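Peer 1: Can you keep this structure in mind? I'll have questions shortly.
The values are calculated or read from the model by the stated rules, or taken from the named source; none is laboratory data. Predicted model only: the values in this text are computed from it and were never measured. So basically every Cβ, Gly included, is an ideal-geometry build from the backbone, and we count neighbours across all protein chains shown.
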Amino acid sequence: MREKSLAGETILIIDDSVDVRTLLGERVLPARGYRTLTAPDGQEGLWQIRARRPDLIILDLRLPDMNGMELLHILSAEGYDMPVILLTAHGSEWIAAQALRLGVQDYIIKPFTLDEVLSSIERALTTRRLRRERNALNERLKCCRQALYLLQRSEAPSGSEEELGRLVEGAMEMAGARRGRLWLYEEREKALYVRLAWNGQERRAVLLRHREEHPQVEQALAQGTAQQWTEGSGEAGGVGLALPIFLAGRPGAVLEVLLPTETPPEEAGLALQALADRIGLSLEQGRLSREVAALRRRFEALAAFSGDALLVLDRAETIIAASPSIEALTGRPPAQVVGRDFRQWIRDLESPQGEVLEWYLHRSFQERAPERYALLFQGPLGEARQAEVEVLLNQKEGEEERHYLLFHETTAQARLEQEARSLRHLWGEVVRGARLGLLLTDLSGNVLALGAALSEVLPVSGEALLGRPVWEAFAGERHLLVEELARACRQGKGYVELPSPRAEAGRLGLTLLLLSGPEEKPQAIAILVGPVLAAEPGWEEQPR
């Protein structure tokens, strides 16, 4: 019995046969861990390819609206490279041969067995995975370089000294060389340096940083091609080889070897070039590790400083880096986020704005302009959350574009704003219907709402007072009001008497009451304003 797919790739089945679509798309492939899409004709299949970007396509040669070859030509013209398995009837093998030249991974003759289909799928997806793994190092290297450029940080490239020493020693021993040196080009100084040197007597690589001129080595670096020359004569002489080592797509180092005269340079050159490529891989891995570590430190510093989550997307909208704080925001650790298609990831958040987010992202790629917008999504416990998302496009000259998405969670802020709106509305209704002069302020004393009767005791326009400190309505009494507001916040209530701005009105009494919202959290202060009545003869003033 075949094992289930651990990767969960998406397979699109384009076939006009309902039986084939049902068998493969609803039974066999889902049972083995694959996600499936189906299409009854070429147009529907083409739409699915453009919209969903499946990992593999199973394509019937004969379709109602177009044949499979026409669809393959369209995919080739549009630059799609996902593997295709062609289903064809007996006797159409010559067409299948043409399809193979168009990039079809395999073809199966109908009627087929399930083992044939499953074996073909596994082979095609294994090849695709290996191709992705092969390109992963260079892609991550480009990503880190651009991310570090955005964060204004760079480090000088260098490989692991211990590993490089072993590789150089192994290369020299294998070739039976008399001398070997590893040269590195330093971009900042625009110069070649001998980094490691090996000779046949000591049989070990010595770490150096020695600069000297060597025409053949310089030519190998400049042209990116191997150079050969004859050096000396007799037992001390030999054949020299300078093999360029490519770093990040261009020559960045050179492996120099002196072979004995009797050693065929053509045979040794092939093996040495393979080892030189391995040395280049080691150099890139060493640099990548340092750049990734530096990038991780930057991510963690940003997350600790601002609490914002950061995602990095490549041109294909694949997530290639994520800050640790993405887990606190979405409940998904970076390891489960990196490598995923961003569109599928945002759908998994069950965001009602997922399609809008995709559109913004596409527009920012096309127009090369930043975007900022609000995003509603479902949190790790199923709760509603909100974040402000800022999309930044960065491109270093000569390198691919990257998107940087900053997520600033605004859930608590949005909740408070909603509570404030509800509170303003509720107390606005109360205030408008009150007979007494009534003010509603926030905890700092800024006026949120006021009653219609307030104009009877204060010579101030209600509209002019909204949003202003309440003491502006009582000229010269700021100190007393601030003190009483603070008391109301501490004790829940307060009272103060102030001279009325209207001379004929005498004194005004202000009663302050603290208003609490959900969970008994203080949210506002209500101030009742009314004239202080003179006591009747024989009455004694009651203590407040």
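Peer 1: Name the single residue that is surrounded by the fewest Cβ atoms within 10 Å (Cβ to Cβ) among those in the stretch 4-16 being in contact with a helix residue (DSSP H, G or I) (Cβ under 9 Å, 6 or more places away or on another chain) and at pLDDT 90 or above.
Peer 2: Within the stretch 4-16, the subset in contact with a helix residue (DSSP H, G or I) (Cβ under 9 Å, 6 or more places away or on another chain) is 4-5, 7, 9-15.
Those still in the list that are at pLDDT 90 or above too: 10-15.
Details: Thr10: 20, Ile11: 24, Leu12: 24, Ile13: 28, Ile14: 26, Asp15: 25.
Per the criteria, the residue is Thr10.
Peer 1: So, one more: Identify the residue in the stretch 235-252 that is closer than 15 Å to Ala177 by Cα and surrounded by fewer than 17 Cβ atoms within 10 Å (Cβ to Cβ) and, among all such residues, is modelled with the highest pLDDT. Spell out how you get there, then give the answer.
Peer 2: Within the stretch 235-252, the subset closer than 15 Å to Ala177 by Cα is 235-243.
Narrowing further to those that are surrounded by fewer than 17 Cβ atoms within 10 Å (Cβ to Cβ): 235-237.
Numbers: Glu235: 67, Ala236: 69, Gly237: 75.
Here the answer is Gly237.
Peer 1: Next question. Give the stretch 524-544 a look and list any residue that's surrounded by 14 or more Cβ atoms within 10 Å (Cβ to Cβ) and either small (Gly, Ala, Ser) or at pLDDT 80 or above (or both), or say none.
Peer 2: If the condition is that a residue be surrounded by 14 or more Cβ atoms within 10 Å (Cβ to Cβ) and either small (Gly, Ala, Ser) or at pLDDT 80 or above (or both), then Ala524, Ile525, Ala526, Ile527, Leu528, Val529, Gly530 are the ones that fit.
Peer 1: Next question, about the same structure. Answer yes if at least one residue in the stretch 24-37 is farther than 21 Å from Asp115 by Cβ, over 33 Å from the mean Cα position of the chain (by Cα) and assigned by TED's automatic domain parsing to the domain that holds Leu100, and no otherwise.
Peer 2: no
Peer 1: Report, by residue number, each residue of the stretch 297-350 that is modelled with pLDDT of 75 or more, among the aromatic types (Phe, Trp, Tyr) and under 13 Å from Leu405 (Cα atoms).
Peer 2: Phe342
Peer 1: Output the residues belonging to the stretch 308-323 that are of a type outside the set (A, V, I, L, M) and either surrounded by fewer than 16 Cβ atoms within 10 Å (Cβ to Cβ) or on the phi > 0 side of the Ramachandran plot (or both). I'd like the intermediate steps shown before the answer.
Peer 2: Residues of the stretch 308-323 of a type outside the set (A, V, I, L, M): 308, 314-315, 317-318, 323.
Listed by number, the residues that qualify are Arg315, Glu317.
Peer 1: Determine whether the stretch 172-182 contains at least one residue that is closer than 30 Å to Ile320 by Cα and modelled with pLDDT under 75. So that I can check it myself, show each step before the final result.
Peer 2: As a first pass, look at the stretch 172-182 and keep what is closer than 30 Å to Ile320 by Cα: none.
Checked the stretch 172-182: no residue is closer than 30 Å to Ile320 by Cα and modelled with pLDDT under 75.
Peer 1: Within the stretch 393-411, how many residues turn out to be at pLDDT 70 or above and part of a strand (DSSP E or B)?
Peer 2: Here is the first cut: in the stretch 393-411, the residues at pLDDT 70 or above are 402-410.
When the remaining residues are screened for being part of a strand (DSSP E or B), the result is 402-409.
Here the count works out to 8.
Peer 1: I'd like to know if the stretch 212-226 contains one or more residues that are part of a strand (DSSP E or B), modelled with pLDDT under 85 and in the same structural domain as Val168 (by TED's automatic domain parsing). Break it down stepwise before answering.
Peer 2: Residues of the stretch 212-226 part of a strand (DSSP E or B): none.
No, there is no match, as no residue in the stretch 212-226 is part of a strand (DSSP E or B), modelled with pLDDT under 85 and in the same structural domain as Val168 (by TED's automatic domain parsing).
Peer 1: From the list Leu56, Leu86, which residue is modelled with pLDDT of 90 or more and within 19 Å of Arg128 (Cβ to Cβ)? Before the answer, list the steps.
Peer 2: Numbers: Leu86 fails: modelled with pLDDT of 90 or more.
Of the residues listed, the single one that is modelled with pLDDT of 90 or more and within 19 Å of Arg128 (Cβ to Cβ) is Leu56.
Peer 1: Then there's this: Only one residue in Ala475, Ala486, Ala464 is at pLDDT 65 or above, surrounded by fewer than 18 Cβ atoms within 10 Å (Cβ to Cβ) and assigned to a loop (DSSP other than H, G, I, E, B), so which one is that? Spell out how you get there, then give the answer.
Peer 2: Working: Ala486 fails: assigned to a loop (DSSP other than H, G, I, E, B); Ala464 fails: assigned to a loop (DSSP other than H, G, I, E, B).
The unique qualifying residue is Ala475.
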